[in-house]
Amino acid sequence: MVEGAATLVSVGVDHLPPVPAGCAPLRVILDNQAPIDIDDPAVPLGLPNLTEGGHFLRVYAIDGEGRMLGNGEAFASSRFFVHRRDFQNALVPGTPWLTVNDPAGGTLFTEEAGKLGLPSAKLALDFLVQGEGASECLIHYRLNHRDTTVPVGKKIVWNDLKAGRYTLMVELLGANGLPVQGIFNQVERTFDVQTPVKALSLVPVPSSAAATTPAAPASTSAGATSAAPTAPARTAGPKKKGE
């Protein structure tokens, strides 16, 4: 029983497979929300803003490409309550239940050109069905209003997703084609496909040749300069006696 509206989740795990740098080795799903990455299992995960009543927590290991490992040892679940006990987010006894790992939401980026020569993204539906009768179930999914139903064991891959927003609904059906009871057996995720912006290379534009304006010829007026004649200096001779 959790008394506050927030709690910390600690995960104990052994022998995790190595994953590339920047990839989380574990993911957590609270109730029927989108997965949360756990980058470091040694650091407790905070779960804020918990509503009153029952909650269901799933923790599972993923490989270097973000896919569920799928074996039972790589999956764990726990049920807990906030303030009071009730039947919210509870498994239905004796029925299979669905966990959808990918797509988790967010944004996918296109890669090389697809069938029509346009950039496109590839996406595989990654999920796990557990519980009694799991192998006999069907998966019904709808991607942007296009419905398809396939056996649980069939791979579901979209090879040519163009840029845009997508809404995916995944539903677990029984062998009779009817929806299986349980809050976790219908999952909806929204994600975007975007084309990454490539860096633009700037091509220098050759500058036009600078216009040269010929300099105007200097007009020189040769004015005659006349020097005024200088009167010869008078020299005083020796004075005569009596002058």
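Values computed for the structure shown
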| read-out | value |
| --- | --- |
| Segment 23-81, subset within 23 Å of PHE127 (Cβ to Cβ) and polar (S, T, N, Q), residue modelled with the lowest pLDDT | ASN71 |
| Residue match in segment 4-15 (condition: among the acidic types (Asp, Glu), in contact with a Leu (Cβ under 9 Å, 6 or more places away or on another chain) and not in a strand (DSSP E or B)) | no |
| Residue within segment 189-203 that is modelled with pLDDT of 80 or more and of a type in the set (A, V, I, L, M) present | yes |
| Number of the exception - LEU57 against (1) in contact (Cβ under 8 Å) with a residue 24 or more places away in the chain; (2) under 21 Å from the mean Cα position of the chain (by Cα) | (2) |
| Residue list for segment 136-153, filter: of a type outside the set (Val, Ile, Thr) and modelled with pLDDT of 95 or more | GLU136, CYS137, LEU138, HIS140, TYR141, ARG142, LEU143, ASP147, PRO151 |
| Given (1) in contact with a Lys or Arg (Cβ under 6 Å, 6 or more places away or on another chain); (2) farther than 26 Å from ASN176 by Cβ; (3) surrounded by 16 or more Cβ atoms within 10 Å (Cβ to Cβ), number of the condition GLY54 does not satisfy | (1) |
| Top-ranked residue in segment 110-131 [being of a type in the set (D, E, K, R) and surrounded by 11 or more Cβ atoms within 10 Å (Cβ to Cβ); ranked as modelled with the lowest pLDDT] | GLU111 |
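Yes/no matrix, rows are residues, columns are (1) more than 15 Å from GLY182 (Cα to Cα); (2) surrounded by fewer than 16 Cβ atoms within 10 Å (Cβ to Cβ):
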{"site": "ALA34", "(1), (2)": "yes, no"}
{"site": "ASP37", "(1), (2)": "yes, yes"}
{"site": "ALA61", "(1), (2)": "yes, no"}
{"site": "GLU65", "(1), (2)": "yes, yes"}
{"site": "PHE87", "(1), (2)": "no, yes"}
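The values are calculated or read from the model by the stated rules, or taken from the named source; none is laboratory data. These figures come from a predicted structure and were not determined experimentally. Here Cβ is always computed from backbone atoms with ideal geometry, including for glycine, and neighbour counts include all displayed protein chains.
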